[in-house]
1. Net charge around Thr147, counting only other residues with Cβ within less than 14 Å of its Cβ (Lys, Arg = +1; Asp, Glu = -1)?
2. Select from the stretch 39-70 those trypsin sites (Lys or Arg not before Pro) which occupy a DSSP coil region and have at most 16 other Cβ atoms within 10 Å, ordered by residue number.
3. Return P(r) of the stretch 64-164 (all Cα-Cα pairs; 5 Å bins starting at 0; whole %; ordered from short to long distances).
4. With point charges of +1 on the Cβ of Lys and Arg and -1 on the Cβ of Asp and Glu, referenced to the Cα centre of the stretch 91-235, which listed residue (Ala166, Val152, Leu116) lies farthest in the positive direction of the dipole?
5. Net charge near Pro70, counting Lys/Arg +1 and Asp/Glu -1 over other residues with Cβ under 9 Å of its Cβ?
6. How much length, in nm to one decimal, is gained on full extension between Leu13 and Asp170, taken as 0.36 nm per residue of separation minus their Cα-Cα distance?
7. Show log10 I(q)/I(0) for the stretch 2-60 at q = 0.24 Å⁻¹, two decimals, from a solvent-free Debye sum over equal Cα scatterers.
8. For Val5, Val83, what ranking results if the residue with the fewest other Cβ atoms within 10 Å of its Cβ goes first?
Amino acid sequence: MPQIVIAVIVIVLVLVLVRAVRIVRPYQRGLVERLGRYKDTRSPGFNLIIPAVDTLQLIDMREQVVDVPPQEVITEDNVVVSVDAVVYYEATDPQRLVYNVADFLTAITKLAQTNLRNLIGDLELDKALTSRDEINTRLREVLDEATDKWGVRVVRVEIQRIDPPAEVVDAMHAQMRAERDRRATVTEANGYREAAIARANGEKEASILAAEGRKQAAILDSEGEAHAIELRAEADKLRLQRTGEGAGEGAKARLLGIREAAADQAVLTVEYLAALEKIGDGRATKLVIPAEFGGLLGTLKAMTEVVQDGDTDEVRPRDGLPIPDPSERVDDLAAPPDTRDRW
């Protein structure tokens, strides 16, 4: 009989010890209540409590996710859209999380829905569709402030979907297609405009280069022609100079020959007539005849008779005509126009 009692006592002690030992994991906190009153919060590890007197409630301190069900929201421009979101939170104070809110999941879900309805209702549809980051930030701030007394920190909020009505979606698709068509038309027009500008610039550059080429060619032609004219002028000048020098040397030699030969008046008269012949062969439109031309003719006739009579020693005047003096004839040629006869 004593052995049975001892065995029962041992079994009771083992059960008490098992119920007294509590293991708290690293991501948990233990909330201890003694006789219905809060006693303390246990840290992760090995913990002992008094069975039947203390109770230990484990609180998960990891980040949790709450799915906010879809709900219909009316935007500022009176469009009904369906919105749903997810809320990420983590517990910061297990005592307040347990004692300050009865059903935290329901509370935070309803709180997220109401605030989401308020935020979306203040925006137009286009703004709501393009401002998800702004909505997420504002909703997180509101929820974090509201849940602070519950010992919870809202980490972030994400809008999953914003679904407009089907007719609005069709209108948006039509608007999108129209906008894309407009952009394509504008892009094509800009391409044509840039191509036309490029062609015009190319033609302009080509015209400028052609004009520059013609200008350079004209300048080179002018320079070449000027150089050729200068060379021809130099050649003509040199030719005339050489011709004049040759004529001067020839005249000088001829005069010296006549002078050394002691030519008489008849020879000088013949030379004078030869000079008149050269003058007559010129291209001048006027021919100046000396006033003593009649006397020259008489002298020539007298010379002819002398040759016929064979008298070569003396040239005699004929018919009372005086023998002209070549020097006087030359002076007559150089005389002023009023002393000469013109034909």
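Here, each number is a calculation from the coordinates, and none is a lab measurement. In this text, all values refer to a predicted model and were calculated from it rather than measured experimentally. With ideal geometry, Cβ positions are generated from the backbone for all residues, glycine too; neighbour counts draw on all protein chains shown.
1. Neighbour charge sum, excluding Thr147 itself: -2.
2. In loop regions of the stretch 39-70 (DSSP not H, G, I, E or B), the sparsely surrounded trypsin sites (Lys or Arg not before Pro) are Arg62.
3. Per 5 Å bin, starting at zero, the Cα-Cα P(r) for the stretch 64-164 comes out as 2, 14, 26, 23, 15, 10, 6, 3, 1 percent.
4. Going by the charge dipole, the pick is Val152.
5. It works out to a net charge of -2.
6. The span from Leu13 to Asp170 would gain 49.1 nm if fully extended.
7. Log10 of I(q)/I(0), two decimals: -0.90.
8. Ranking Val5, Val83 by Cβ neighbours within 10 Å, fewest first, gives Val5, Val83.
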